[in-house]
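Down below is the structure, laid out as structure tokens.
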Amino acid sequence: MSEAKNEAANAATPPWEAKRPPTGRGLMRKLVIGLMVAGLIGVVAYALKARPVEVEVGVVQNGPLTVYVSEEGKTRIRNRYIVAAPLAGSMQRVTLKPGDEVKCNETVLARIEPSLAPLLDARSRAQAQARVDGAMAARSRANEAMDMARTGLKYAQTNWDRIKHNTDKGVISATDRDAFQREADMKAGEVRAAEFALQVAEFELTQARAAMLQLESPVEDGKSIEVRSPVNGLVLRVQQESATIVAPGAPIIEIGDPGDLEIEAEILSRDAVVIQPGAVVTVEQWGGDEPAKARVRRVEPAAFTKVSALGVEEQRVLVLSDFVAQTPALKALGDRYRVEVRVVVWHSDDTLLVPAGALFREGSEWKTFLFDDGMARAVTVKAGRTDGKLTQVLDGLKAGDEVLMHPPDTVQDGSAVVKRDEPK
């Protein structure tokens, strides 16, 4: 009966119109198309869904923090002596070379054949006598300075002998004990420097008297004057090697003791204001396997202008440091050797620290992103001092907080994030 109805309906349908499919097949086709469209919509929605951003996480924790000022420096000999010609004459060729050892009042640095004085006038005699008097006054001043230095050493050594065994009894702190010891060592160094100065004064007096003798009775028979070393040390530079006619005061040779080294570093003035004498200095990149220790002796009060490699004018200050101990390895260092210094300007044994890579500027405030159960939460942080790797936290974070390290620009407050070492 139904087949007859279908045939009658088909017969009644014009040939130019499509035949209608059976009712059951049309529903199945619609269902399949609907499922395909729904699946495509689901795939597109899944692709457009925001995924958690992979981030690296750091931990806020307590620990020590030391803030340094780092700069290039160079070594230099503390006491340098330029030996000059005591009088006019014909100087023979200097045979010494840089690095040769010289001994006080023994090593002959140069030989000068004096020229005859053309006229022994009153002015020349008065000038020579004035030089002798000035050299005698300089020797007296050097004697007084040495006496004062010895007095200061005696006082400092007495204080050091009195308290150096008191630390075990708890009478004074270790810091005060080190200060008394450093004071005694510095006074001993001042005594040595005063002795060197006295030797130089004696040598200058001898030179002045020799010049006076030459004015009164010139040397005959080709006898030359020997210029001897005023101190023990090494030849640093020969300023006039060839034989020549020299004038009084012409520099001939420079000598010094390489064992008496100090470090000079040109520090930016804004960093030098926080450096104090006695600050700990770490000397690196000097050629040895281990960093050397030094202490700041002096921060010079006057700055100077220096043009950087980028053409920027900078105000810099000379900071002078002394090695704490002369180890055998440090004996390889010479004058004007390049080093790198790190001067301690602040230290704390226990403070709250956050990795410096987790902080970023927003206006005039420091901020960071907290990792809060898969969400990034922006917080404002009050930052203190930093050494470039760790930063002191004064407010805004607590120990144990997890913060995002170097967050990308796609991370905002409330963004979904996931730790890089965890599966998605």
The lone condition GLY58 fails out of (1) modelled with pLDDT of 55 or more; (2) more than 60 Å from the chain's Cα centre (by Cα); (3) surrounded by 11 or more Cβ atoms within 10 Å (Cβ to Cβ) is (2)
If you check every pair at least six apart or on different chains, which have Cβ atoms under 7 Å apart with a residue in segment 356-378 that is on the phi > 0 side of the Ramachandran plot and modelled with pLDDT under 90 first and a residue that is surrounded by fewer than 15 Cβ atoms within 10 Å (Cβ to Cβ) and of a type in the set (A, V, I, L, M, F, W, C) second? GLY374/ALA416
Looking only at segment 74-97, decide whether some residue is touching a Gly at 6+ places or on another chain (Cβ under 6 Å), at pLDDT 90 or above, over 30 Å from ILE267 (Cα atoms) and in a strand (DSSP E or B). yes
Residues of segment 244-268 being assigned to a loop (DSSP other than H, G, I, E, B) and not small (Gly, Ala, Ser), which ones? PRO248, ASP257, PRO258, ASP260
Taking the stated definitions as given, is VAL67 in a strand (DSSP E or B) and either within 18 Å of PRO251 (Cα to Cα) or within 29 Å of the chain's Cα centre (by Cα) (or both)? yes
Yes or no: GLY249 surrounded by 13 or more Cβ atoms within 10 Å (Cβ to Cβ) and modelled with pLDDT under 95? no
Could you tell me whether segment 112-133 includes any residue that is surrounded by 16 or more Cβ atoms within 10 Å (Cβ to Cβ), of a type in the set (D, E, K, R), in contact with a strand residue (DSSP E or B) (Cβ under 8 Å, 6 or more places away or on another chain) and modelled with pLDDT of 80 or more? no
Given the residues VAL312, VAL280, VAL319, which is the only one that is at pLDDT below 95 and closer than 17 Å to TYR68 by Cα? VAL280
All positions within segment 269-293 that are outside any loop (DSSP other than H, G, I, E, B) and within 12 Å of the chain's Cα centre (by Cα): ASP271, ALA272, VAL280, VAL281, THR282, VAL283, GLU284
Would a scan of segment 257-268 turn up a residue that is more than 29 Å from VAL319 (Cβ to Cβ) and not charged (D, E, K, R)? no
When you scan segment 335-352, do you find a residue that is polar (S, T, N, Q) and loosely packed, with under 12 Cβ neighbours inside 10 Å, even just one? no
It is to be established whether one or more residues within segment 188-199 are touching a Pro at 6+ places or on another chain (Cβ under 7 Å), buried (at least 16 other Cβ atoms within 10 Å of the Cβ), at pLDDT 70 or above and part of a helix (DSSP H, G or I). yes
Answer with yes or no whether PRO291 is surrounded by fewer than 18 Cβ atoms within 10 Å (Cβ to Cβ), under 30 Å from PRO86 (Cβ atoms) and of a type outside the set (S, T, N, Q). no
Please work out if LYS103 is farther than 30 Å from ASP387 by Cβ, surrounded by fewer than 18 Cβ atoms within 10 Å (Cβ to Cβ), under 34 Å from the mean Cα position of the chain (by Cα) and not small (Gly, Ala, Ser). no
Every listed condition ((1) over 18 Å from ARG78 (Cα atoms); (2) modelled with pLDDT of 80 or more; (3) touching a helix residue (DSSP H, G or I) at 6+ places or on another chain (Cβ under 7 Å)) holds for VAL274 save (3)
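The values are calculated or read from the model by the stated rules, or taken from the named source; none is laboratory data. Here the structure is a predicted model, which means the values were calculated and not measured. So basically every Cβ, Gly included, is an ideal-geometry build from the backbone, and we count neighbours across all protein chains shown.
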